[in-house]
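The values are calculated or read from the model by the stated rules, or taken from the named source; none is laboratory data. These numbers were taken from a predicted model, which means no experiment stands behind them. Cβ coordinates were reconstructed from backbone atoms using ideal geometry, including for glycine residues, and neighbour counts include every protein chain displayed.
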Amino acid sequence: MQKIKIFDTTLRDGEQSAGVNLNTGEKLEIARQLERLNVDIIEAGFPASSKGDLQSVQEIAKIIKNSSVTGLSRSIKSDIDAAWEALQGGAEPRIHLFLATSPIHMTYKLKQTPEQVIETAVNSVKYAANYFPIIQWSAEDACRSDLPFLAKIITEVIDAGAKIINIPDTVGYINPKEYGEIFSYLQENVPNIGRVSLSAHCHDDLGMAVANSLAAIENGATQIECTINGIGERAGNASLEEIAVALHIRSDYYKAKTRLHLQEIKRTSSLVSKLSGMVIPPNKAVVGQNAFAHESGIHQDGVLKEKTTYEIISPELVGVQTNSMVLGKHSGRHAFRNRVVELGFQLNDQEVNRYFKMFKELADKKKEVTDDDIFALLMEEKLSNHDISNYQLTSLQVQYGTNHIPTATINLNDLNGQQIQEAATGAGSVEAIYNTLERCIGSQVTLEDYRIQSVGAGRDALAQVYVKMRFQDEVSTGRGTAQDVLEASAKAYLNAVNRVLYIKNNRQIAKEVGV
Ligand code: KIV
Ligand code: ZN
């Protein structure tokens, strides 16, 4: 069996999805879960892109011990220095350098001749080699590059010290046959190729990212770059869970295996979906809500007689729980702590006490407290407000009647603890709240999306609201959870505003630097 390394880029390429802005606490939680999933490499961010990104990569590198942590870097000294500052404390620091090699990118974006591009690439690898024991080099837009040129630049960067060569399909253009052929071509035409491992990085613009990644494995790639739930720039990246399960279920064909703990897949997928606000389509392979549901009578009958008639993946394989115990108002601290740990959170004693109190308050209002409720509770308190708490909701009152104009009155605390109070009306209660919040904040906010869902079933279920909004020229998502939908709506709005303010405070270089 060929060993395949899984390079997870959820926190870098995944975080480049439109409207996804994870704060440091959320990134740390995802990184810990990726470590539990046992991915080989975690690409934790792009340290030179902002102070916040540098800090979160640094914190992740400090705590993650069983996966190697890497960061993206352009082929310039200041980026490499920032990457070293962020990664030097890590267990197996590695840098991910990239430079575009396609005629389109070299001419219009880099404005460099092919010879200059080779020189830049070689110099950056040599400079990075002063610090990093492992250097990965990516030929951005490799799949639209001239193959003899690609072979030439790769030969040179290997001589300069690169240990992993990544072939990104940056724009999601290639098909499996062609992608496989690039890997074969490079193995035949790069004389020193035996000194490195080859890696695949695919985008899903034409819906072929997973198939392309598997084709790369068939043609010699031993590392796959992918994201949880396939989130990422535009149509996203190759989805980790689909590749991992395809390799497992079809090991007879691919003769390759990863070191992933597959039973952690569902939990990782839910965590990423909830924290990023990127909903998983019900029919999504492996992790969608319907992935294991058999609807038609013929299929149900078949599965009842013999599961394998219609089921090639068992829900247990990827950690889908079919019978999870619920907690209630008689549950004790010990049971609560156990459940929180099972859900993948790490809490110190003080936090356990604090959240246990909140759990009890919730259990008084709600008969059964499910895993989803506990998750939502922790997410709301522990993660949403980590390093972003400019505005805090202190009180909300809404008047609504079928024959009255909805009116909201809101009290907020700003960063300096100053009280702000405003009131406004709207066509509906949510609009009244959002008009009031806009007054409190004093600048225009455009709501681009608003979604509400219940956390689990039942009339007493918690409400979870996701919003996407444009504020101060930034698009941001936010989420809020509460027993009441209106309070959840107000919290989601403030969460999105606070994220923008946090990002603005920390930004050095805009995210749109060209990757
Ligand atoms: O898609 C791409 O080309 C990338 C590189 C920076 C690896 O994400
Ligand atoms: Zn990419």
Would you confirm whether or not region 39-51 contains a residue that is more than 16 Å from ligand 2 (Cβ to nearest atom), assigned by TED's automatic domain parsing to the domain that holds C202 and without any contact (Cβ under 8 Å) to a residue 12 or more places away in the chain?
no
State whether the residues of region 54-63 include one that is of a type in the set (A, V, I, L, M, F, W, C), in contact with a strand residue (DSSP E or B) (Cβ under 9 Å, 6 or more places away or on another chain), in a helix (DSSP H, G or I) and within 16 Å of ligand 2 (Cβ to nearest atom).
no
Any residue at all in region 97-119 that's basic (K, R), more than 12 Å from ligand 1 (Cβ to nearest atom) and closer than 16 Å to I42 by Cα?
no
Output for region 279-331, where each listed residue is of a type in the set (S, T, Y) and in a helix (DSSP H, G or I)
T308, T309
Residue list for region 194-204, filter: within 32 Å of the chain's Cα centre (by Cα) and not basic (K, R)
V196, S197, L198, S199, A200, H201, C202, H203, D204
Among the residues of region 120-131, is there at least one that is charged (D, E, K, R), closer than 16 Å to I193 by Cα and outside any loop (DSSP other than H, G, I, E, B)?
no
Please determine, by comparing only the residues of region 161-185 that are in contact with a strand residue (DSSP E or B) (Cβ under 7 Å, 6 or more places away or on another chain) and among the hydrophobic types (A, V, I, L, M, F, W, C), which one is farthest from ligand 1 (Cβ to nearest atom).
F183
Scan region 1-52 for residues that are within 16 Å of ligand 1 (Cβ to nearest atom) and either buried (at least 23 other Cβ atoms within 10 Å of the Cβ) or outside any helix (DSSP H, G or I) (or both) and report the count.
23
Contacts under 8 angstrom Cβ, first residue in region 149-170 being under 14 Å from S124 (Cα atoms), partner away from ligand 1 (no atom under 16 Å from the Cβ) and assigned to a loop (DSSP other than H, G, I, E, B), 6 or more apart
I154/V190; I158/V190; I158/N192; D159/N192
I'd like the residue in region 186-220 that is more than 16 Å from ligand 1 (Cβ to nearest atom) and among the polar types (S, T, N, Q) and, out of all such residues, is farthest from L150 (Cα to Cα).
N219
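Results for (1) at positive phi; (2) of a type in the set (F, W, Y); (3) modelled with pLDDT of 95 or more, shown as yes or no for each residue.
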{"site": "F46", "(1), (2), (3)": "no, yes, yes"}
{"site": "G52", "(1), (2), (3)": "no, no, no"}
{"site": "V57", "(1), (2), (3)": "no, no, yes"}
{"site": "I60", "(1), (2), (3)": "no, no, yes"}
{"site": "V69", "(1), (2), (3)": "no, no, yes"}
Run S314 past the list (1) under 30 Å from M208 (Cβ atoms); (2) surrounded by 14 or more Cβ atoms within 10 Å (Cβ to Cβ) and report the number of the one that doesn't hold.
(2)
Under 7 Å between Cβ atoms, at least 6 apart or on separate chains: pull out the pairs that start in region 175-199 with a residue that is at pLDDT 95 or above and end on any residue that is β-branched (V, I, T) and in a loop (DSSP other than H, G, I, E, B).
S197/T222; L198/T222
Apart from one, (1) in a loop (DSSP other than H, G, I, E, B); (2) out of contact with any Pro (no Cβ under 9 Å at 6 or more places or on another chain); (3) not assigned by TED's automatic domain parsing to the domain that holds E15 all hold for L260; the odd one out is (3)
When you check D81 against the structure, is it part of a helix (DSSP H, G or I) and surrounded by 16 or more Cβ atoms within 10 Å (Cβ to Cβ), yes or no?
yes
Among all residue pairs at least 6 apart or on different chains, which show Cβ distances below 7 Å where the first residue, located in region 463-475, is free of Cβ contacts under 8 Å to residues at least 40 places away in the same chain and closer than 15 Å to L437 by Cβ and the second is part of a strand (DSSP E or B) and among the acidic types (D, E)?
V467/D449; M469/E448; R470/E448
State whether the residues of region 108-116 include one that is in contact (Cβ under 8 Å) with a residue 60 or more places away in the chain, assigned to a helix (DSSP H, G or I) and in the same structural domain as L206 (by TED's automatic domain parsing).
yes
Can you pull out the residues in region 257-269 that are of a type outside the set (V, I, T) and in contact (Cβ under 8 Å) with a residue 60 or more places away in the chain?
K257, R259, L260, H261, E264, R267
Condition (residue is at pLDDT 95 or above and in contact with an Asp or Glu (Cβ under 7 Å, 6 or more places away or on another chain)) applied to region 270-283: is it met by at least one residue?
no
Of the residues V272, V287, which single one is within 20 Å of the chain's Cα centre (by Cα), outside the structural domain of T170 (by TED's automatic domain parsing), crowded, with 16+ Cβ neighbours inside 10 Å and away from ligand 1 (no atom under 16 Å from the Cβ)?
V287
